[in-house]
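Comments concern the structure below.
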Amino acid sequence: MKNIGSIILALLLMLSISCDSTKNLAKINQQEVMKNKAAINTFYNKALSVNTETRPTQALTGMFAEGYKSSSSTDSKGAEALMGQLEFFWKVVPDLKWAPQTITNDGDVYTVRSIASGTPNGDFMGVPTDGTKKFSIMTMDMHTMKDGKFMSTHHIEDWSTAMQQLKPKMDMPKKAEAMKIADAYMGAMGKGDMETMSNLMHDDMVWQNAGDSSIPWIRTGRWESKKVILEKFLPEFSKGFQTIKWQPVDAVADDETAGYFGQMIGLLTNSGEKTNEFTYALRVKVKDGKVILWNWFEDSVEVSRAYNAK
């Protein structure tokens, strides 16, 4: 019995030692995690985010292990290059903030999801900025950590979204002007108001309309100068084609260009044949407040069919 009791006592002692070892190991692991997370918080709050207490190089010196690399899908840089990049970011984005949203770890690998935001003033990744537009994007970083030091980092930032947010808006006055002039010209055409049409035409205006070369007003496909358009093209066109339906469906404008898309029906006077309804597209360019290009795209097959109908 004494031997059995001794064995049980020895087993209990071994179990106690094992539990203490497990507790100590867990305590050590927890201390390691806390140390690594403290380094990560310094990285985001003192080096990535602009603050008055320190600078990126000052905050990060001594925090990178030998051979550290920061990599993305396009490049890789060492500790010194990374700190230099962050110093540059601080100059161009004086309100840069890099706010961690979640920090999780799987062993030595820590995944950090953040929101990066700021208002650049200067050349930022090839985009000229003036401090009036702000970006706010999501970022993901995977840091391999050991004893409070960064062994390596793999990072992903949604810079394409940032570039869209920083992109200058279209010049709305120009956009409105292009559409306004094009609309006025088409309105004058509809009314047969030649005086208004003439006033809205640039001296170097080009009228482009490709199709069946047997049709008089399409024969050349390109009529150049206001004089030629007024004296040759428009008389031929108005004599040979009567518009029955002109229905714009969509209209867009970009800088000095306006585009129209719609449906149309016309009567070819030489044959007396109507076209079926067809789709048209129109590109109008404006220069110095006048129409300089009228680029017309129509169902030339349908127009030709009606023109050549017996």
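Computed quantities for the displayed model
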read-out: Residue match in region 222-245 (condition: of a type outside the set (Phe, Trp, Tyr) and within 37 Å of the chain's Cα centre (by Cα)); value: yes
read-out: Exclusive hit being crowded, with 17+ Cβ neighbours inside 10 Å and modelled with pLDDT under 95, set PHE64, PHE124; value: PHE124
read-out: Test for ASP141: is it surrounded by fewer than 16 Cβ atoms within 10 Å (Cβ to Cβ) and either in contact with a strand residue (DSSP E or B) (Cβ under 8 Å, 6 or more places away or on another chain) or over 30 Å from GLN247 (Cβ atoms) (or both); value: no
read-out: Any hit, region 177-194, residues being in a strand (DSSP E or B) and either within 20 Å of ALA251 (Cβ to Cβ) or out of contact with any His (no Cβ under 6 Å at 6 or more places or on another chain) (or both); value: no
read-out: Residue list for region 81-135, filter: over 16 Å from HIS154 (Cα atoms), of a type in the set (D, E, K, R) and without any contact (Cβ under 8 Å) to a residue 12 or more places away in the chain; value: ASP130
read-out: The lone exception for GLU53 - which of (1) touching a helix residue (DSSP H, G or I) at 6+ places or on another chain (Cβ under 8 Å); (2) among the charged types (D, E, K, R); (3) in contact (Cβ under 8 Å) with a residue 12 or more places away in the chain it fails; value: (3)
read-out: Verdict on SER136 being under 19 Å from the mean Cα position of the chain (by Cα), small (Gly, Ala, Ser) and surrounded by fewer than 16 Cβ atoms within 10 Å (Cβ to Cβ); value: yes
read-out: Search result, residues across region 127-167 that are more than 18 Å from ASN105 (Cβ to Cβ) and part of a strand (DSSP E or B); value: VAL127, PRO128, THR129, ASP130, PHE135, SER136, ILE137, MET138, GLU157
read-out: Residue that is farthest from SER300 (Cα to Cα), among those in region 194-207 that are surrounded by 14 or more Cβ atoms within 10 Å (Cβ to Cβ) and out of contact with any strand residue (DSSP E or B) (no Cβ under 6 Å at 6 or more places or on another chain); value: THR196
read-out: Test result for ILE103, surrounded by fewer than 19 Cβ atoms within 10 Å (Cβ to Cβ), under 19 Å from LYS37 (Cβ atoms), among the β-branched types (Val, Ile, Thr) and under 21 Å from the mean Cα position of the chain (by Cα); value: no
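The values are calculated or read from the model by the stated rules, or taken from the named source; none is laboratory data. Here the structure is a predicted model, which means the values were calculated and not measured. Cβ: placed from backbone, ideal geometry, glycine included. Neighbour counts: every protein chain shown.
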